[in-house]
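Heads up, the thing below is written out as structure tokens.
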Amino acid sequence: MDPLLEQFLSEARENLAFIDQNIGEIGGDDPELLNSVFRAAHTLKGGSGIVGFEAVKNITHHAEDLLDMLRAGKIEFADSMIDVLYDAFDEVVNLVEAAEETGDIVEADEETLSRIVASLSEQMGKDPEGESSWELPFTLADTSNIVNLPLKTLRGVESVKIPFNNPEINEEFCNNSNFYAVVFDVDDSCMVYGNDPIYTLSLLEEKVLGVFSCMSDENAKSVLSGIEDEDGLLLKSSLVAFIYATYEEIEDSLFNFIDELELLPLDINTLLTISRGDTGLQIDSLKELSSLAEDFDLATIKEEVAASMELVGVDTIQYAKLERFLDIVGLIKDEDTTKLNKFFQTLYKGEVYTPDEDESEEVSSSVEVEEVQEESKSLPSETVSSEMNENIKATLQEIFEQQNKAINYIESDDDLLRIIVTLEKARKYMPNMPELTTLDEVKRFLNQELGLKEEIIETEEIQSEKPQIAEVIEEKSSEVVKSEVVAKKAPAKVTKKEPREEKQKAVVGKTVKVEQESIDSLMNVVGELLVAKNSLPYLADNVVGMTHDQIKREIMDKYIFINRLSEQLQDLIMGMRMLPISYVFDRYPKLVRDIAKTLGKKVKLEMSGGETKLDKNMIEMLADPMIHIMRNSLDHGIEMPEVREQKGKNPIGAVTLNAYAQSDRIIIEIIDDGAGINVERVASKVLEKGLMTPEQIDALSEKEMAELVLLPGLSTAETITEFSGRGVGMDVVKKSIESFGGSIGITTKANEGTVITLAIPMSLAVTSLLHIEMNSIHYGIPMDSVSETVKIDRSDIEYLHNEPFVYIRGDVIPLLFIKSMLNEEETHDKPLSIVVLNIKDNLLAVVVNEFLGQLDVVQKPLVGIMEGHPLFSGTALLGNGQIIMAMDPLGLLSISQKLKEEIQVA
């Protein structure tokens, strides 16, 4: 994936989560909330524009317009706006998810896009098909402030030419590339929050022709003292950037500052109206320059002006005007040379240059021609007609001549690629233009179009280095994406989704944000580890003269030191892996809206405890079970609006997600105020399917009755829908939660609702095991399942129906001898070592050969033929390099009967 796209998708997730959480409250009395949502939408639009994600940009542009009209008070808030905005940003979420899956930009479904744009336009009172009234999209900067700035930063710039007089500033003007002065009227703390004006300007690359920066005396003293800004993050300089681009390009790159910018479109006439310097003093020697514009070209005029400046005082306006001419001469078109007549004819008078009013009118009549000449050099498909005319023919001829000259300077594949891309822009006007992939084909085409005699020049060196231009074009597609000519593959398209089980999407991105303080702490511990490592060679050198006790003491000292550091390192790494559970919660507002809309229900989702932290892997594993639970709450729990009204309830159902820490576990509650679970109906279904006997059901408590819905293959839905009725769901949730050491509980009350409680460990990265040995093989049992360890005599074993059990503190506990794993000879004539396990409220006593202590290990899952083993869940390494097998208590309980048999099942 392109790094820039990857960064945008990551940031888009954060902005979309913020919008989703707050958009429902924009109709309240908090204007700052509305402004914050607007800024998030604005950031989305700007970022999507930078990476070329047109579908997202289109949707967010219209959503931003609606939010902007709301905050400006141009339209009154209506409840219908919330649903329309939710619909718009939900589609943006779909597009972002599709881009994450494909690793590339995708296109939106045209029907969906049109519907969303139409809905947003309707809320704004606009006709999406008609012409909306155009307003100037930026604040105009003061002309005199810009014109009187020193412009030496523009001296020598000849890459672009600008009009002598700009046409009327309208929508068409803003859509085309023009020369702007961009004034940054930003707060000096902007860089503290990561908004660096210089970095954002760099996104415009060569479109930035120059930057003027200055600092007041007061700010200079503050910077030099270093007292106010020790970190150097306050922006004490004022900035004015001179940019040749479309307004949209400026907005996309500078979107973080766009509300704090002032822009001024500039032309040659405006730039010449400098008023800096002493006026009223005539300099007759400058009369010799009066006819320069009529008699000479710009190069000669430039030389004459430079020579004349030696005769003029630097404090005069004449000097400032001559200097200004030298600053901007590279921006003047050759054909506009004669338009400089008045400037030079009035130069000697010592007055501010004032353009004639009729010049603007004269030039405005030729705006279309100038635009064709200037803009058709890039021939954008959206602004230039595909019909060939004389102006376009002349422009194409100019392009062909330039590229024919450029052929002589080809040194690499990139050089050839640039020529091909430039020539391909002409294809719109020359549909029969041949495919151009090699240097010979390019030369042949140019010779034919220019009427030149074809010359074949040796190109073996280039040919040998170029396997195939088409491949190079694909590799460099990010550089030429705007041309849309050499694209070999159209972007993937997001179509309307059919009801189906979607494959799991990544809940957490590939990158995780880590606080700087954690990085610093980590570096400190690593530094101490290096000290510990470097001390070991010294110990090895001195061990010869030490006694056995001294060696042991020194080694233990090193062990204690390294153990302390490794524990610190473990805590730091674990802390970095801990992420807020909001990564899971933030997925559900959209899910709830989609399901509620499909089911025809009204549901309000409330969330709390999103800041509660979980291990990154736990968050990933928790995502799918939570989706099943949410679907069940919405489908089975929340009633239809009319049914709720008949029961005297609010027609809008409520689902609450709550998370909090409790000891070493995280508790997650999913609460709904729906109909509750009909336990009698569930019990009837259980009997009907033969999952339990009537006697077993009669013995269940009220809570256990509710938890019958966790049995496999059980569903109380009358019909099969997209969300329920297949008998698959809650049993999968239970298995999934228990697979990573969690538990699930259900309480319910008829017509009041249901509470589903999940208790899950904070992390699985480090597992605490009881280290045991059986038949000289090392095993580990999770400490979460160990109730106690005891030693008993064989005489304390009792039997019931030939099954052994023991009494421990009044509890009757089944006793398990794993004959295939146990060395029974070692158990003769000495007390039995027993581990008492509490597995889902079931006690089981397991006989082992020896207790070896408690270990904290990084457990690795089983792979290959061992994957899915009924008894073992993973492996870990001991300090001496031996492997320890980690047992699965649930598996141990489920196959305990088989393990009693004298067969090799482990």
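When Glu642, Glu669 are checked against the criterion of being open to solvent by 20 Å² or more (accessible area, probe 1.4 Å), not in a strand (DSSP E or B) and not polar (S, T, N, Q), Glu642 stands alone in meeting it. Of all the residues in the stretch 672-708, those that are among the aliphatic types (A, V, I, L, M), out of contact with any Gly (no Cβ under 9 Å at 6 or more places or on another chain) and either open to solvent by 40 Å² or more (accessible area, probe 1.4 Å) or in a loop (DSSP other than H, G, I, E, B) (or both) number 4. The set of residues in the stretch 87-116 being part of a loop (DSSP other than H, G, I, E, B) and among the aliphatic types (A, V, I, L, M) consists of Ile105, Ala108. Candidates Ala99, Ala108: the one that is at pLDDT 85 or above, under 24 Å from the mean Cα position of the chain (by Cα), hydrophobic (A, V, I, L, M, F, W, C) and open to solvent by less than 30 Å² (accessible area, probe 1.4 Å) is Ala99.
Out of the residues in the stretch 555-598 meeting the condition of being touching a Gly at 6+ places or on another chain (Cβ under 7 Å) and not in a helix (DSSP H, G or I), tell me which one is most open to solvent (accessible area, probe 1.4 Å). Once the filter is applied, the top-ranked residue is Pro580. Checking each residue in the stretch 609-639 for being assigned to a helix (DSSP H, G or I) and open to solvent by 50 Å² or more (accessible area, probe 1.4 Å) picks out Lys616, Asn617, Met621, Asp624, His628, His636. Taking the stretch 807-902 and the strands (runs of 3 or more DSSP E) fully enclosed by it, no element has 2 or more residues that are out of contact with any strand residue (DSSP E or B) (no Cβ under 7 Å at 6 or more places or on another chain), under 29 Å from Lys735 (Cα atoms) and in contact (Cβ under 8 Å) with a residue 60 or more places away in the chain.
For Glu129, state whether it is touching a Pro at 6+ places or on another chain (Cβ under 6 Å), open to solvent by 30 Å² or more (accessible area, probe 1.4 Å), at pLDDT below 85 and more than 27 Å from Glu262 (Cβ to Cβ). No, not satisfied. Residues being open to solvent by 60 Å² or more (accessible area, probe 1.4 Å), more than 28 Å from Val211 (Cα to Cα) and out of contact with any Asp or Glu (no Cβ under 9 Å at 6 or more places or on another chain) are represented in the stretch 301-317 by at least one member.
In this structure, Ala654 does not qualify as in contact with a helix residue (DSSP H, G or I) (Cβ under 8 Å, 6 or more places away or on another chain) and at pLDDT 85 or above. One residue stands out in the stretch 14-38 among those that are touching a residue at least 60 places away in the same chain (Cβ under 8 Å) and out of contact with any helix residue (DSSP H, G or I) (no Cβ under 7 Å at 6 or more places or on another chain): the one that is nearest to Phe255 (Cα to Cα), namely Ala17.
The values are calculated or read from the model by the stated rules, or taken from the named source; none is laboratory data. Treat the numbers as computed from the prediction; the structure is a model and nothing was measured. All Cβ positions, even for glycine, are placed from backbone atoms using ideal geometry, and neighbour counts span all protein chains on display. Areas reflect the complete protein model, heavy atoms only, side chains present, ligands, DNA and RNA absent. Shrake-Rupley method; radii C 1.70, N 1.55, O 1.52, S 1.80 Å.
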